[in-house]
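Report on the structure given below.
The values are calculated or read from the model by the stated rules, or taken from the named source; none is laboratory data. In this text, all values refer to a predicted model and were calculated from it rather than measured experimentally. Positions of Cβ are generated from backbone atoms using ideal geometry, with glycine treated the same way; all protein chains shown enter the neighbour counts.
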Amino acid sequence: MTAQHMNTSRFFWGTLWIVAGVLILLAKLDIMTLHVGSLWRFWPLALVLWGIGLFTGAKAIRSLIAVVAAILLALIVYGAWEEWGSTRDPRDLTTQTFMETEDGTLHHASLRFVSGAGSFTLRDTCEALFRAETTTDFGKYEMDSRTGSDGKDLTLRLADHPKGFRTGGTNTVTMFLNAGPVWALHLELGAAKLFADLSPFTAENIDIKTGAADVRVKLGDRAEQCRVNIHAGVSSISVQVPESAGCEISSESGLSSKTFNGFVEGGDGNYRTANFDTASRRIFVNFKAGVSSLKVVRY
């Protein structure tokens with residue numbers, strides 16, 4: 001990276017975190033509040049400005065565009081915080097337990113989990129096909145189960161989903177899966193914390209879609225091929241992959257930072273482990289992210 005690009009990047013990130021931090025601090029202290037909650041949906045505009053800056057040769061203009069893009073993105077980050085962090089009227093806390101039985105004959109199963117902001121965990125096995133424990137004051141969850149020719153399709157959804165996230169609000173879900181079937185997982189989240197230890201399961205397809213989130217995923221090597229697709233906006237994403245499996249990363253990201261230790265860059269946003277061609281188990285990780293921190297760790 002040239003010194004010019006490094007200076008532009010420094011202008012961008014410095015302005016971004018200073019402006020976003022000051023706005024959130026002023027709002028926390030009740031000194032000033034901007035009502036820009038819906039602005040976060042327009043985060044791709046920051047990428048457009050950054051792209052324009054890349055075609056500009058003049059250092060001063062490039063730095064100016066970087067600062068403008070950073071301010072816009074800071075407002076977007078603040079808008080997301082405002083929408084998901086604003087105080088709302090208290091609601092009743094609801095605790096639910098969901099369970100789907102397992103008779104030992106299922107070969108495949110799928111789980112679709114749809115929620116908004118909250119804290120979600122998927123980490124342990126259970127004797128049932130699926131079990132979930134929910135605690136929320138956002139409304140109630142509902143579960144749907146459909147049996148096909150080769151397995152079951154489960155959907156757990158937050159039915160009464162108010163817009164945004166409240167300070168002091170509660171929305172926690174702990175999920176458990178049976179280790180027998182081959183799983184396909186589809187997780188659609190809002191501003192969330194997600195911890196998913198999938199190492200005990202045979203998971204062939206994993207799709208995660210989120211906005212601003214902290215995502216931690218641990219993968220295993222039980223499936224011959226595992227495909228992971230993660231779509232995110234402003235997020236911190238960490239994926240653990242076993243050293244016994246070969247892994248390929250495909251990354252389509254705008255202003256994201258990448259930490260892929262143990263991988264060799266092959267160009268066009270692709271990275272591979274040295275044992276990819278010879279490994280009997282392979283994991284494919286595809287990132288599509290806006291402004292995020294992307295990290296893949298071998299264990």
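List of remarks:
- Options 132, 196, 159, 179: the member that is of a type in the set (Gly, Ala, Ser) and under 27 Å from residue 288 (Cα atoms): 196
- Contacts under 6 angstrom Cβ, first residue in the range 195-206 being under 16 Å from residue 126 (Cα atoms), partner hydrophobic (A, V, I, L, M, F, W, C) and surrounded by fewer than 17 Cβ atoms within 10 Å (Cβ to Cβ), 6 or more apart: 200/179; 201/179
- Filter result (surrounded by fewer than 16 Cβ atoms within 10 Å (Cβ to Cβ) and hydroxyl-bearing (Ser, Thr, Tyr)) within the range 120-134: 125
- Listed by first and then second residue, the pairs linking a residue in the range 105-118 that is within 16 Å of residue 159 (Cβ to Cβ) to a residue that is polar (S, T, N, Q) and outside any strand (DSSP E or B), with Cβ atoms under 9 Å apart and 6 or more places separating them unless they lie on different chains, are 118/170.
- Every residue from the range 239-254 that is within 20 Å of residue 274 (Cα to Cα) and polar (S, T, N, Q): 240, 244, 250, 251
- Of all residues in the range 136-152, those satisfying the criterion of being part of a strand (DSSP E or B) and surrounded by 16 or more Cβ atoms within 10 Å (Cβ to Cβ) are 136, 141, 143, 151, 152.
- When residues in the range 184-200 are screened for being at pLDDT 95 or above, part of a loop (DSSP other than H, G, I, E, B) and of a type in the set (Gly, Ala, Ser), 1 of them pass.
- Some residue of the range 169-183 being at pLDDT 95 or above and under 14 Å from residue 228 (Cα atoms): yes
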